[in-house]
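Right, one structure below, let's go through it.
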Amino acid sequence: MNAAPAPPARSASSTRGLDRSATALLPRLQALVDDAPDTARPLFAANRALRDQADPVEGLWQLATTLREFRGDAHLAVLADRELDACEALVLAAATGRVPRDTMRVDRGWTEEDWAAATDRLRARNLVDAHGDATALGHSARTRIEEDTDRLAARLLRPLPPAESDHLLELLTPLARRVLAADLLPFPNPIGLPRPDAP
């Protein structure tokens, strides 16, 4: 599994005003991280141990990564429940068009033989067709995987009232857009993160 991306390198022009915004957000994200359980969540637990950063922007990046990995652990639990192994999960995601097939295979280190074998296993379960595209059952399964992952990950927001959750997202959105505007994150990328404006 690929490591989480490191915080982008900082420069005065690209991070002007970020320290103030990050400092204001740190206590809110920290409260979510502190409240969340780490039982059976190894990626979350490992990242939570790294959350103490002196630089506020680096601290915000690490807290955001920690929260992302909470969802990552939930995603792995859902995939295991569906009896999908790592390669099968990626093949199914690519078959539904969620991630690009060729770059995802290479980025995650799977050989063409691995990918073909996983495709065959999914075809035997009627999740992909003869061309490797998702069947109706495959699309439905992939949708349920994301819904169940979101349901488990929603535990993170339990300390916040709904209105405050919405406000937190509003505060984070401009910062996320500044990261995107700096053109530091590749799309597509190894974790399958879509652009926020993508459907």
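Farthest toward the dipole's positive end in the chain, which of L127, P56, W110, given Cβ charges of +1 (Lys, Arg) and -1 (Asp, Glu) about the Cα centre?
Toward the positive end, the furthest listed residue is P56.
With a probe of 1.4 Å, find how much accessible area the chain has per residue, and write the answer as a whole number in Å².
Accessible area per residue, the chain: 58 Å².
I'd like to compare 127-139, 70-82, 184-196, 158-170: which one has the highest average count of other Cβ atoms within 10 Å, and what's the full order after that?
Numbers: 127-139: 15.8, 70-82: 18.3, 184-196: 13.4, 158-170: 11.7.
Most protected by this proxy first, the peptides run 70-82, 127-139, 184-196, 158-170.
Within the accessible area of the chain, what % is carbon and sulfur when the probe is 1.4 Å and the other protein chains stay in place?
Carbon and sulfur: 57 percent of the exposed surface of the chain.
About its Cα centre, what dipole magnitude does the chain give when the only charges are +1 on Lys and Arg Cβ and -1 on Asp and Glu Cβ, stated in debye to the nearest 20?
For the chain, the charge dipole is close to 380 debye.
What's the percent breakdown of Cα-Cα distances in the chain across 5 Å bins, shortest bin first?
P(r) for the chain, in whole percents per bin: 1, 7, 13, 17, 18, 16, 12, 8, 5, 2, 0.
Based on the Cα atoms of the range 49-93, what semi-axes does the equivalent ellipsoid have, where each is the square root of 5 times one gyration tensor eigenvalue, given in whole Å with the largest first?
Semi-axes from the Cα gyration tensor: 30, 10, 7 Å.
The values are calculated or read from the model by the stated rules, or taken from the named source; none is laboratory data. Please read all numbers here as calculations on a predicted model, not as lab measurements. Cβ coordinates were reconstructed from backbone atoms using ideal geometry, including for glycine residues, and neighbour counts include every protein chain displayed. Accessible surface is based on the protein model in full, side chains and every heavy atom, while ligands, DNA and RNA are left aside. Shrake-Rupley method; radii C 1.70, N 1.55, O 1.52, S 1.80 Å.
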